[in-house]
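J.: What follows is a structure written as structure tokens; I'll ask about it next.
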């Protein structure tokens, strides 16, 4: 294994900075000198300062960190300050190892030993940079002797100005309570017309999971196409996070909804011993 705290990939006019020690996160994505994602500080100490990080082996919140699989009961500690609901699995809070690196390609891995999440697994990210884009694969392999629930997603942060628009085909939204846990599903639009393309701004927090995601989201700046995000076919959900007053937003392709153990047809999979789940995210840059 290669031991690097920060590494940089290049493909002509495009550069990608990775932080294996900070959640296996993306630090910067530059094309012709322009940042196409939120720029990470030079020495990030928290993955929440980065440009994107992996969600493995589940996405978003699990209510009170508690669920049951058959007769097995699981209780996980909070992992975001005093917020009571466990978020995003273990990968985003872990150090990843650099398994492979070339000028435009890198492979990061993270192995989890059974603890309060009582399954052992290996997560893997493959980054492939091209002259005007990036593709990332994220996978998880169940290394335990029993079946493991598993979900995957990406948590990219994009820059936002008053002129930024987001366009994405979705068919509904999960309404959420004050803890951002889903309560009921609403068909069609809510506050924003994402299918038509709407401004990424609001006077209140948007932190909602949208269903029926068709695998493509386009970001525009002042009416000009900036980037296109595509995701693998099983990422049927797009979680959109727009904090008021900030200069960034998130459009997160995921393969299950938040709090999946408390909702039917949530998208969460069950991996048999030795099975692998895989998703990908592709970002095309328009200069």
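The values are calculated or read from the model by the stated rules, or taken from the named source; none is laboratory data. Note that the structure is predicted; figures quoted are calculated from it, not measured. Reconstructed Cβ throughout: ideal geometry from the backbone, glycine too, with neighbour counts over all protein chains shown.
J.: Over 15 Å from residue 94 (Cβ atoms), in contact (Cβ under 8 Å) with a residue 12 or more places away in the chain and within 20 Å of the chain's Cα centre (by Cα): does that describe residue 131?
T.: On the way: over 15 Å from residue 94 (Cβ atoms): yes; in contact (Cβ under 8 Å) with a residue 12 or more places away in the chain: yes; within 20 Å of the chain's Cα centre (by Cα): no.
Considered against the rule, which asks whether it is over 15 Å from residue 94 (Cβ atoms), in contact (Cβ under 8 Å) with a residue 12 or more places away in the chain and within 20 Å of the chain's Cα centre (by Cα), residue 131 comes out as no.
J.: Go through 151, 172, 133 for me and flag whichever is surrounded by fewer than 19 Cβ atoms within 10 Å (Cβ to Cβ) and under 25 Å from residue 279 (Cβ atoms).
T.: On the way: 151 fails: surrounded by fewer than 19 Cβ atoms within 10 Å (Cβ to Cβ); 133 fails: surrounded by fewer than 19 Cβ atoms within 10 Å (Cβ to Cβ).
Result of the check over 151, 172, 133: 172.
J.: Give the residue that is surrounded by the fewest Cβ atoms within 10 Å (Cβ to Cβ), with candidates limited to residues of the range 95-119 that are out of contact with any helix residue (DSSP H, G or I) (no Cβ under 9 Å at 6 or more places or on another chain), closer than 24 Å to residue 64 by Cβ and touching a residue at least 12 places away in the same chain (Cβ under 8 Å).
T.: 114
J.: Which one is nearest to residue 283 (Cα to Cα) among residues in the range 19-30 that are crowded, with 22+ Cβ neighbours inside 10 Å and over 15 Å from the mean Cα position of the chain (by Cα)?
T.: Kept after step one, since they are crowded, with 22+ Cβ neighbours inside 10 Å, are these residues of the range 19-30: 19-20, 22-27, 29.
Then keep just the ones that are over 15 Å from the mean Cα position of the chain (by Cα); that gives 19-20, 29.
Numbers: 19: 19, 20: 20, 29: 10 Å.
Top of the filtered list is 29.
J.: Got a sec? Which strands (runs of 3 or more DSSP E) wholly within the range 203-278 have at least 2 residues that are farther than 21 Å from residue 125 by Cα?
T.: Output list reads 206-211, 216-221, 224-231, 237-242, 248-254.
J.: Only one residue in 104, 139 is over 17 Å from the mean Cα position of the chain (by Cα), under 22 Å from residue 50 (Cβ atoms) and at pLDDT 95 or above, so which one is that?
T.: Matching residue, one of 104, 139: 104.
J.: Report whether or not residue 230 is crowded, with 17+ Cβ neighbours inside 10 Å, farther than 27 Å from residue 63 by Cβ, touching a strand residue (DSSP E or B) at 6+ places or on another chain (Cβ under 6 Å) and modelled with pLDDT of 95 or more.
T.: On the way: crowded, with 17+ Cβ neighbours inside 10 Å: yes; farther than 27 Å from residue 63 by Cβ: yes; touching a strand residue (DSSP E or B) at 6+ places or on another chain (Cβ under 6 Å): yes; modelled with pLDDT of 95 or more: yes.
When the stated conditions are applied, residue 230 passes them.
J.: Among the residues of the range 176-202, write down those that are more than 15 Å from residue 250 (Cα to Cα), part of a strand (DSSP E or B) and in contact (Cβ under 8 Å) with a residue 24 or more places away in the chain.
T.: Result: 176, 182, 185.
J.: Taking residue 238 as the residue in question, decide whether it is over 26 Å from residue 66 (Cβ atoms) and surrounded by fewer than 23 Cβ atoms within 10 Å (Cβ to Cβ).
T.: no
J.: More than 30 Å from residue 286 (Cβ to Cβ), at pLDDT 95 or above and out of contact with any strand residue (DSSP E or B) (no Cβ under 6 Å at 6 or more places or on another chain) - does that describe any residue in the range 151-173? Before you say what the answer is, go through the steps one by one.
T.: So the first thing to find is which residues in the range 151-173 are more than 30 Å from residue 286 (Cβ to Cβ), and the list is 151.
With the extra rule that they be at pLDDT 95 or above, the set shrinks to 151.
Remaining after also requiring out of contact with any strand residue (DSSP E or B) (no Cβ under 6 Å at 6 or more places or on another chain): 151.
Yes - at least one qualifying residue is present in the range 151-173.
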